[in-house]
Amino acid sequence: MKYFTIDKLKEVHNSMNGNKTIGIDSMTKYKYNINLNSNLQNLVTRIKKGTYYPQPVCRIEIPKSNGKIRPLGISCYEDKLVQAIISEILTAIYEPIFLDCSNGYRPNRNCHTALSQLKNTIYNNNTKYIVEADVEGFFNNINHQKLLELLKIKIIDRHFIKYIKRFLESGIMINGEFHKTEIGTPQGRSYFSNFSKCISSLCIRRMV
């Protein structure tokens, strides 16, 4: 938790894209910047006192090419700032232990790096069979308690774990109606969302 400072949050704020979709707080980067120092001081104080609670995520639905719907969550502006630091910390902890063959939701890795590794594996190992598998609705059904227990193996700071738990349980807003999030991890265009998917995939690796 020592990394949650005004200077660090200001650094994250300055790097934010001001044109991103806003959350239920209707706060933009430009509005937040008007009283930036006092806003960040207030945020740090709440974080240190344990009175900071992430707000519900605004749920929007994006049509997929196969006719299905992909739900996306849009976080509030302050939550995005905190998520960015959480993501940076989690990346520093877990990147060194992820397998090289893992590409999903990781820095400097994408579909192209995965395809390149797959190509090398096929051509260099006399591959005869390829098995495609997918866990349907995996991220929507992650058990929060098991995920937190997994994080505690590497993370000693229980206050840090507490805030991850609050993000997981912050709920979603759909058409102005609040819904609890008792299972699943956030899915959306946020720092914490992408890395929570990466961390969640650890559950699969431990089961396999």
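The values are calculated or read from the model by the stated rules, or taken from the named source; none is laboratory data. Keep in mind that what you see is a predicted model, and the values were worked out from it rather than measured. Cβ atoms come from the backbone with ideal geometry, glycine included; neighbour counts cover every protein chain shown. We work out accessible area using only protein heavy atoms, side chains counted, and drop any ligands, DNA or RNA first. Shrake-Rupley method; radii C 1.70, N 1.55, O 1.52, S 1.80 Å.
Of the set (1) at pLDDT 90 or above; (2) assigned to a loop (DSSP other than H, G, I, E, B), all apply to residue 107 but (1).
Number of residues in the range 51-75 that are over 20 Å from the mean Cα position of the chain (by Cα) and at pLDDT 95 or above equals 1. Tallying residues that are part of a helix (DSSP H, G or I), among the hydroxyl-bearing types (Ser, Thr, Tyr) and open to solvent by less than 30 Å² (accessible area, probe 1.4 Å) within the range 58-93 yields 2.
Filter the range 67-85 down to the residues that are β-branched (Val, Ile, Thr) and over 15 Å from residue 13 (Cβ atoms) and list them by number. Even if it seems obvious, please write down each step before you answer.
The first filter runs over the range 67-85 and keeps only residues β-branched (Val, Ile, Thr), leaving 69, 74, 82, 85.
Within the range 67-85, 69, 74 meet the criteria.
Quick one: how many residues across the range 32-57 are part of a helix (DSSP H, G or I) and touching a residue at least 60 places away in the same chain (Cβ under 8 Å)? Result for the range 32-57: 1. A single member of 174, 130, 153 is of a type in the set (A, V, I, L, M) and surrounded by 12 or more Cβ atoms within 10 Å (Cβ to Cβ), and it is 174. What pairs can you find where one residue is in the range 18-29 and free of Cβ contacts under 8 Å to residues at least 60 places away in the same chain and among the acidic types (Asp, Glu), the other is open to solvent by less than 60 Å² (accessible area, probe 1.4 Å) and assigned to a loop (DSSP other than H, G, I, E, B), and their Cβ atoms are less than 7 Å apart, with a gap of 6+ or different chains? Qualifying pairs under 7 Å: 25/76. Taking the conditions (1) closer than 19 Å to residue 182 by Cα; (2) open to solvent by 60 Å² or more (accessible area, probe 1.4 Å); (3) at pLDDT 90 or above; (4) not aromatic (Phe, Trp, Tyr) in turn, residue 115 satisfies each one other than (1). In the range 87-112, the residues that are without any contact (Cβ under 8 Å) to a residue 24 or more places away in the chain reach residues that are among the hydrophobic types (A, V, I, L, M, F, W, C) and open to solvent by less than 60 Å² (accessible area, probe 1.4 Å) with C-beta atoms within less than 7 angstrom, at least six apart or across chains, in these pairs: 103/114.
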